[in-house]
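Undergrad: Supplied in structure tokens, the structure appears directly below.
The values are calculated or read from the model by the stated rules, or taken from the named source; none is laboratory data. In this text the structure is predicted, and so the values were computed from the model without any measurement. When we count neighbours, we look across all protein chains shown, and the Cβ atoms used for this are built from the backbone with ideal geometry, even at glycine.
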Amino acid sequence: MEKIYDAQSTPPPLPPIQFHYTMDQFNQLEVASEVCTYLSMIAIALVVAVYWYMLYHHPRDANRVSLRCVIAANLVSFLDHCLALKAAHDSLESSFCSSFRFLNGLFTVLPSCLLGLVGVHLFLVFVCKIHWPCRPEYILMPVAVVYTVIANVIPYFAEDLPEGLAEIIKLNRPVCW
């Protein structure tokens, strides 16, 4: 029977490991993650190749703000996948791993922000009938980058780990991923 903790008692300490995987299960998870990452990278390469084909053969149809934002989001995701593959084989103490932590936050938020701006742009153009004074990506893409940096800088410096989590991270030093 589980003991229910009331508000005045302290919760039990975290276990010495975060996930209860055997090493074999962890290795299978890592292989599955790498396979999915490679498949995603192949799909992104196909999307970019089709866009380049459209840009070359049908420039008028392919020269749209929404397509450029989607392609930019895909390229940032591709970079994120490359960094994640590298991080899977680096240790926690490497200089790459410390920079990966910040870049991974940026490259995770930026594609979502760019794709969200596609919706905002389409809403402004088709519903609100807004006509942009310049190319919309000159405004939308810098806004996405500024939002992404703000969304990542504050948590990066004001990080407050739950009690016991720092010990779990230290136990898994061989892996940056």
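Rundown of residues vs (1) of a type in the set (V, I, T); (2) farther than 24 Å from T148 by Cα, yes/no style:
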site: I42; (1), (2): yes, yes
site: V47; (1), (2): yes, no
site: H57; (1), (2): no, yes
site: L67; (1), (2): no, no
site: D80; (1), (2): no, no
site: L103; (1), (2): no, no
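Undergrad: Of all the helices (runs of 4 or more DSSP H) wholly in the range 74-177, which have at least 1 residues that are at pLDDT 80 or above and among the aromatic types (F, W, Y)?
TA: Answer list for the range 74-177: 95-126, 137-157.
Undergrad: Quickly run through the range 1-31 and pick out the residues that are exposed (fewer than 11 other Cβ atoms within 10 Å of the Cβ), among the polar types (S, T, N, Q) and modelled with pLDDT of 65 or more.
TA: Selection gives T22 alone.
Undergrad: Identify the residue in the range 54-66 that is modelled with pLDDT of 90 or more and surrounded by 11 or more Cβ atoms within 10 Å (Cβ to Cβ) and, among all such residues, is farthest from L140 (Cα to Cα).
TA: Filtering the range 54-66 for residues that are modelled with pLDDT of 90 or more and surrounded by 11 or more Cβ atoms within 10 Å (Cβ to Cβ), the one farthest from L140 (Cα to Cα) comes out as M54.
Undergrad: For the range 46-73, what are the residues that are of a type outside the set (D, E, K, R) and not in a helix (DSSP H, G or I)?
TA: H58, N63
Undergrad: Can I ask one more? Considering every residue within the range 32-53, establish whether at least one is out of contact with any His (no Cβ under 8 Å at 6 or more places or on another chain), charged (D, E, K, R), closer than 26 Å to G116 by Cβ and surrounded by 14 or more Cβ atoms within 10 Å (Cβ to Cβ).
TA: No, the range 32-53 contains no residue that is out of contact with any His (no Cβ under 8 Å at 6 or more places or on another chain), charged (D, E, K, R), closer than 26 Å to G116 by Cβ and surrounded by 14 or more Cβ atoms within 10 Å (Cβ to Cβ).
Undergrad: Restricting attention to the range 117-132, which residues are surrounded by 11 or more Cβ atoms within 10 Å (Cβ to Cβ) and aromatic (F, W, Y)?
TA: Residues satisfying the conditions are F123, W132.
Undergrad: Please verify whether A43 is in contact (Cβ under 8 Å) with a residue 60 or more places away in the chain, under 21 Å from N104 (Cβ atoms) and part of a helix (DSSP H, G or I), treating the condition exactly as stated.
TA: No: the conditions fail for A43.
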